[in-house]
Amino acid sequence: TKEIDEAFRWSTENVNLQKKAQIVMDYYQGDDPLKRKVASTLLESFLFYSGFYLPMYWSSRAKLTNTADLIRLIIRDEAVHGYYIGYKFQKGLEGLSEERKQEIKDYTFELLFELYENEVQYTHDLYDSVGLAEDVKKFLHYNANKALMNLGYEAMFPASVTDVNPAILSALSPNADENHDFFSGSGSSYVIGKAVNTEDDDWDF
């Protein structure tokens, strides 16, 4: 459709979006497994969320609620990815020399700051027109700290600049804590099937 074509055109022409992709890909395709895990975790835990701020903002005001349900399912997946890759990274650090650990830590904070500076510009591109850029920057700080926690490091940003709107955090919660009546058309919970071993005789009706 025309709208989809326009969205693709915007994404390929947006300088900050393309720079973000290039920064991550340069490191993600490198030859150091630990650094690749850092890049992956920052992508999953830091960069992934800023584009969801506006639909979550509307969701907290009873708009786009079904869209918010879809986003929460995506967030649940990404939260697991970021946590797991961060865990694998921390296991990979075990047994390394202190010098090597410091090298990786320095790299992590340098990469995060490079991505953060670009993400601030990207945030202004997206949110200046709706007056939410400063609020979204608090959200960036919050997610940057969360990414560092997944990697086992201390927070970069103090609590004074991570005070995200509670309505946004509530709307973003990936927990299955919503109440739905019988006629609800959607929800943000997964239903996990239970596997039962069967035998040929089970299919004789």
Residue ID - surrounded by the fewest Cβ atoms within 10 Å (Cβ to Cβ), chosen from residues in region 88-109 that are among the aliphatic types (A, V, I, L, M) and closer than 11 Å to V38 by Cβ | L93
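Table: residues versus (1) in contact with a Gly (Cβ under 9 Å, 6 or more places away or on another chain); (2) touching a residue at least 12 places away in the same chain (Cβ under 8 Å); (3) exposed (fewer than 15 other Cβ atoms within 10 Å of the Cβ); (4) among the aromatic types (F, W, Y).
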residue: E6; (1), (2), (3), (4): no, no, yes, no
residue: E13; (1), (2), (3), (4): no, no, yes, no
residue: K20; (1), (2), (3), (4): no, yes, no, no
residue: D32; (1), (2), (3), (4): no, no, yes, no
residue: Y49; (1), (2), (3), (4): no, yes, no, yes
residue: D77; (1), (2), (3), (4): no, no, yes, no
residue: G82; (1), (2), (3), (4): no, yes, no, no
residue: G86; (1), (2), (3), (4): yes, yes, no, no
Which members of region 52-93 meet the condition of being under 21 Å from P166 (Cβ atoms), assigned to a helix (DSSP H, G or I) and of a type in the set (A, V, I, L, M)?
-> L54, M56, A68, I71, I75, A79
Residue by residue through region 110-142, note down the ones that are closer than 14 Å to A39 by Cα and surrounded by fewer than 17 Cβ atoms within 10 Å (Cβ to Cβ).
-> E110, F113, E114
Exactly one of V161, V120 is closer than 25 Å to N14 by Cβ, modelled with pLDDT of 90 or more and of a type in the set (A, V, I, L, M), and that one is V120
Any chance T108 is part of a helix (DSSP H, G or I), of a type in the set (V, I, T), over 16 Å from the mean Cα position of the chain (by Cα) and over 18 Å from K146 (Cα atoms) = no
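The values are calculated or read from the model by the stated rules, or taken from the named source; none is laboratory data. Remember, predicted model here, so these are calculated numbers, not experimental data. Every residue, glycine as well, gets a Cβ built from its backbone with ideal geometry; the counts of neighbours run over all protein chains shown.
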